[in-house]
Amino acid sequence: MKTHHFIFLSLGFLTSSLVVANDEMLNRPVTLQSESILIDVLSVTLQHAIITSSAYQGSNPSLKRLAKQEISKRQQDLQRLHQLSKTQVPTLKSSTNLNNNDLNYQKSMLQNHARLIELAEFGSSLKLSNPIRRYLRSLSGDVTSELSILNNF
């Protein structure tokens with residue numbers, strides 16, 4: 001798929017270092033024009049996955065395991081992203097709303113992972129440093145495999 005540097009994605013771009021975990025932020029339009037904007041948007045999306053997974057208190061044992069793994073993986077991804085971009089890792093705001101609904105968590109994570117894949121795909125059309133380009137390929141591969149697992153619940 002050919003893309004231009006001005007690509008609108010259904011994802012929120014927040015300038016604050018605090019992020020509230022709600023799916024609305026994944027639906028805000030963003031224009032990807034540079035590596036720094038891509039990094040900010042990736043950071044917000046990774047934070048969403050961490051906070052949403054931390055708030056999940058459902059009953060499905062497989063989803064519980066996935067949520068626990070998701071927190072660990074996305075925290076590592078977030079730290080790696082900010083290490084590569086030489087920026088400070090934002091402080092995460094914990095969710096006060098616990099999510100006991102298995103289906104809502106599954107849908108939220110499907111949406112989150114689809115956005116991460118979309119960002120990696122569209123972001124690859126930007127002029128990126130080699131470390132960020134490699135990071136995107138790795139992240140995309142990781143979340144693609146998780147996306148297929150999420151679809152099978």
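Of all the residues that make up the range 125-146, how many are of a type outside the set (Ser, Thr, Tyr), open to solvent by 40 Å² or more (accessible area, probe 1.4 Å) and in contact (Cβ under 8 Å) with a residue 60 or more places away in the chain?
Going residue by residue through the range 125-146, those that are of a type outside the set (Ser, Thr, Tyr) are 126-128, 130-134, 136-137, 139, 141-143, 146.
Retained after the next criterion (residues that are open to solvent by 40 Å² or more (accessible area, probe 1.4 Å)): 127, 130-131, 133-134, 137, 141-142.
Within this subset, residues satisfying the condition of being in contact (Cβ under 8 Å) with a residue 60 or more places away in the chain are 127, 142.
So the answer is 2.
Filter the range 58-93 down to residues that are without any contact (Cβ under 8 Å) to a residue 60 or more places away in the chain, within 16 Å of the chain's Cα centre (by Cα), more than 16 Å from Glu146 (Cα to Cα) and open to solvent by 40 Å² or more (accessible area, probe 1.4 Å), then give me how many there are.
Within the range 58-93, residues that are without any contact (Cβ under 8 Å) to a residue 60 or more places away in the chain, within 16 Å of the chain's Cα centre (by Cα), more than 16 Å from Glu146 (Cα to Cα) and open to solvent by 40 Å² or more (accessible area, probe 1.4 Å) number 3.
Taking the range 37-80 as the region of interest, how many residues are of a type in the set (Lys, Arg) and under 14 Å from Leu116 (Cα atoms)?
Applying the first criterion (of a type in the set (Lys, Arg)) to the range 37-80 yields 64-65, 68, 73-74, 80.
Going one step further and asking which of them are under 14 Å from Leu116 (Cα atoms), we end up with 73-74.
Number of matching residues: 2.
Collect the residues in the range 94-124 that are over 18 Å from Leu26 (Cα atoms) and either open to solvent by less than 40 Å² (accessible area, probe 1.4 Å) or in contact with a helix residue (DSSP H, G or I) (Cβ under 7 Å, 6 or more places away or on another chain) (or both), keeping them in residue-number order.
In the first step, residues of the range 94-124 are kept if they are over 18 Å from Leu26 (Cα atoms); the result is 96, 98, 100-102, 124.
Those that are over 18 Å from Leu26 (Cα atoms) and either open to solvent by less than 40 Å² (accessible area, probe 1.4 Å) or in contact with a helix residue (DSSP H, G or I) (Cβ under 7 Å, 6 or more places away or on another chain) (or both): Leu98, Asp102, Ser124.
The values are calculated or read from the model by the stated rules, or taken from the named source; none is laboratory data. Predicted, not measured: the structure shown is a model, and the values here were computed from it. When we count neighbours, we look across all protein chains shown, and the Cβ atoms used for this are built from the backbone with ideal geometry, even at glycine. Just so you know, the surface numbers come from the protein's heavy atoms only, side chains and all, with ligands and any DNA or RNA stripped out. Shrake-Rupley method; radii C 1.70, N 1.55, O 1.52, S 1.80 Å.
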